[in-house]
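The values are calculated or read from the model by the stated rules, or taken from the named source; none is laboratory data. Owing to the predicted nature of the structure, the values given are computational and were not obtained by experimental measurement. Ideal geometry is used to build each Cβ from the backbone, glycine not excepted, and the neighbour counts take in all protein chains shown. Each accessible area value is taken on the protein alone, full model and side chains, heavy atoms only, with ligands, DNA and RNA left out. Shrake-Rupley method; radii C 1.70, N 1.55, O 1.52, S 1.80 Å.
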Amino acid sequence: MSSRMNADRCTVVVGCQWGDEGKGKIVDVLAESVDVVARYQGGANAGHTVHVGDAEFILHQIPSGILHAGKRCLLGNGVVLDLLQFFEEYDALVARGIDLEGRVGVSLRAHLLLPWHRVLDRAAEAGARDKIGTTGRGIGPAYEDKAGRRGIRVADAANLPRFEELMTRGAERARERLVALGLPLDGAEAQALEEALERSMGLRERILSLAVDTGLEVDHALRDGQRVLLEGAQGTALDLDHGTYPFVTSSNTTAAGAATGIGVGPTRIDAVLGVVKAYTTRVGNGPLPTGFDEEMDARMRELGGEFGATTGRPRRCGWFDAVLARYAARVNGLTGLAVTKLDVLDTLPEIALCTGYRFPDGSTASEFPADTWALGDIEPILEWMPGWEQSTGGARTLEELPERARRYLDRIEALTGAPIRMVSVGTRRSQIIHVA
Ligand code: GDP
Ligand code: IMO
Ligand code: MG
């Protein structure tokens, strides 16, 4: 793998399930051999966990390359930048000894996620019939404002009177919306919002000091022969267009979103590495076709530590869904796969993969269906394989894996149709297999 990855100057790392595939760990490992890491969409809904030695870092907005000294980390125009959370995260990293001087850039074209977006997100969920189970980070309302052409961008902060006017108008619109939803703010909530707005205004100069044209910077880096990683958040099944709509996030998580979300043409991307967990998880509402029964669900959650990195919510677990993975290979144009958390399956006597879906009328599908509601009714067609019942955490080459684990990976590769380039067998940086 390493020789190929090294030849690829611009690589997208994209989640291929419902998020939490281990993108943070994969980006952290790959960041060592690149110069720039840039996030292309999402906001503080993401939670990317990275272990460095015994320390654990959970990154929400700052790219997972930040833990490698000297690497430049960018937040692209496709991101919705939560000002308050961003600087909280920034300062927490500095407090833990990470030198960020000159290393972080945010796009002038990125839209700001402001305190009222969080309030609106929670209000929308409270009033919804089909609750999405969002992270409550204001993502939907921020992207609504962007698409509605009333958003506020980082570049707007450069003109103080205009910025103040946009902020006042935005806050007023949010208050009106809350009244229309029948959920007006009470006195304490109104005061908390006011304070949060003031704190946001106070960050104006600080954010401007980091503002750059990310598309231009990435273009220059690539022209200079530097290597760039474009880091996705969430996953393919949460993509606004390609996911299990409406139980999705509000951005294009898939690889094409990297070009738009950074500001480079798609022809500049050399490789697309899809990250899949060796099984499946989902947090939030919506169908999980390969979901386990209650007992197995609890067991896997325990084995895999499957609790949301952002909200702490338990993740639902299921078998590896090859229908979804093959779909992800297609819509992302995957050139390679990174399989994570193989070690979590170490103790299971039998392991299944889902190769197709059976609908209640007996018909079957091998392609991921567009009808999300139908997806909720399917029965997975499972292929069973014997487990390896041995520890894999020490393996550093495919040959060091138990034969049955290799057979399982071969099946994932054959069913997905993309070559496996990396296998992760634990949380540590060293627990990685690079496939030649
Ligand atoms: P992301 O959002 O895609 O970056 O994934 P998360 O960080 O939300 O969730 C992945 C979790 O699995 C994190 O707690 C990681 O530390 C952990 N993890 C990543 N790779 C491995 C692995 O190969 N084995 C194990 N056991 N844990 C892993
Ligand atoms: P990372 O980057 C897993 C889910 C939420 C909800 C839906 C919409 O860590 O993989 P939103 O707050 O985005 O409007 O919520 O998307 N979701 C995630 N699930 N990992 C994530 O990010 C997620 N970000 C959002 O649970 O179902
Ligand atoms: Mg996560």
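Do the conditions hold for residue 31, that is, is it within 26 Å of residue 314 (Cβ to Cβ) and within 16 Å of ligand 1 (Cβ to nearest atom)?
Here the answer is no, as residue 31 does not meet what is asked.
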- Of all the residues that make up the stretch 108-145, how many are under 20 Å from residue 184 (Cβ atoms) and within 16 Å of ligand 3 (Cβ to nearest atom)? 1
- Message: Please go through the stretch 373-399 and give me each residue that is within 18 Å of residue 344 (Cα to Cα), open to solvent by less than 60 Å² (accessible area, probe 1.4 Å) and of a type in the set (Gly, Ala, Ser), ordered by number.
- Response: 387, 393, 394, 395
- Message: For the stretch 21-59, give me each residue that is under 25 Å from residue 330 (Cα atoms) and open to solvent by 40 Å² or more (accessible area, probe 1.4 Å).
- Response: none
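Name the one entry in 70, 65, 102, 78 that is surrounded by fewer than 24 Cβ atoms within 10 Å (Cβ to Cβ) and more than 14 Å from residue 210 (Cα to Cα).
Step by step, each of 70, 65, 102, 78 is checked, and only 70 is surrounded by fewer than 24 Cβ atoms within 10 Å (Cβ to Cβ) and more than 14 Å from residue 210 (Cα to Cα).
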- Just a yes or no: is a residue in the stretch 285-292 without any contact (Cβ under 8 Å) to a residue 40 or more places away in the chain, in the same structural domain as residue 100 (by TED's automatic domain parsing), in contact with a helix residue (DSSP H, G or I) (Cβ under 9 Å, 6 or more places away or on another chain) and part of a loop (DSSP other than H, G, I, E, B)? yes
- Filter pass, residue 282 being in contact (Cβ under 8 Å) with a residue 40 or more places away in the chain and under 28 Å from residue 11 (Cβ atoms): yes
- residue 151: within 19 Å of residue 44 (Cα to Cα) and away from ligand 2 (no atom under 11 Å from the Cβ), yes or no? yes
- Would you mention how many residues in the stretch 121-136 are touching a helix residue (DSSP H, G or I) at 6+ places or on another chain (Cβ under 7 Å), free of Cβ contacts under 8 Å to residues at least 60 places away in the same chain and surrounded by fewer than 22 Cβ atoms within 10 Å (Cβ to Cβ)? 1
- Task: Answer yes if at least one residue in the stretch 320-330 is more than 18 Å from residue 22 (Cα to Cα), out of contact with any His (no Cβ under 9 Å at 6 or more places or on another chain) and surrounded by fewer than 22 Cβ atoms within 10 Å (Cβ to Cβ), and no otherwise.
- Result: yes
- Task: Confirm whether residue 27 is touching a residue at least 12 places away in the same chain (Cβ under 8 Å), within 17 Å of residue 102 (Cα to Cα), more than 11 Å from the chain's Cα centre (by Cα) and in the same structural domain as residue 217 (by TED's automatic domain parsing).
- Result: no
- Item | Among the candidates 427, 416, residue that is touching a residue at least 24 places away in the same chain (Cβ under 8 Å), under 22 Å from the mean Cα position of the chain (by Cα) and within 13 Å of ligand 1 (Cβ to nearest atom) | 427
- Could you grab me the full set of residues in the stretch 348-372 that are open to solvent by 50 Å² or more (accessible area, probe 1.4 Å) and in contact (Cβ under 8 Å) with a residue 24 or more places away in the chain? 349, 350, 366, 367
- Task: Go through the stretch 17-31 and count every residue that is within 11 Å of ligand 2 (Cβ to nearest atom) and farther than 17 Å from residue 60 by Cα.
- Result: 1
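Could you grab me the full set of residues in the stretch 281-309 that are within 15 Å of ligand 3 (Cβ to nearest atom) and under 13 Å from residue 133 (Cα atoms)?
Selection gives 282, 283, 284, 308.
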- Query: In the stretch 300-319, which residues are more than 27 Å from residue 366 (Cα to Cα) and open to solvent by 40 Å² or more (accessible area, probe 1.4 Å)?
  - Reply: 301, 302, 303, 305, 307, 311, 312, 313, 314
- Query: Which condition does residue 53 not pass, out of (1) within 11 Å of ligand 2 (Cβ to nearest atom); (2) at positive phi, if it passes all the others?
  - Reply: (1)
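Being of a type in the set (D, E, K, R), over 16 Å from the mean Cα position of the chain (by Cα), part of a helix (DSSP H, G or I) and within 18 Å of residue 151 (Cα to Cα): is that true of residue 121 here?
It is true that residue 121 is of a type in the set (D, E, K, R), over 16 Å from the mean Cα position of the chain (by Cα), part of a helix (DSSP H, G or I) and within 18 Å of residue 151 (Cα to Cα).
So that you can scan it fast, the table gives a plain yes or no per residue for (1) modelled with pLDDT under 95; (2) among the hydroxyl-bearing types (Ser, Thr, Tyr):
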position	(1), (2)
166	no, no
171	no, no
181	yes, no
190	yes, no
197	no, no
200	no, yes
203	no, no
213	no, no
217	no, no
- Which of (1) surrounded by fewer than 19 Cβ atoms within 10 Å (Cβ to Cβ); (2) in contact with a His (Cβ under 9 Å, 6 or more places away or on another chain) does residue 254 not meet, given it meets every other one? (1)
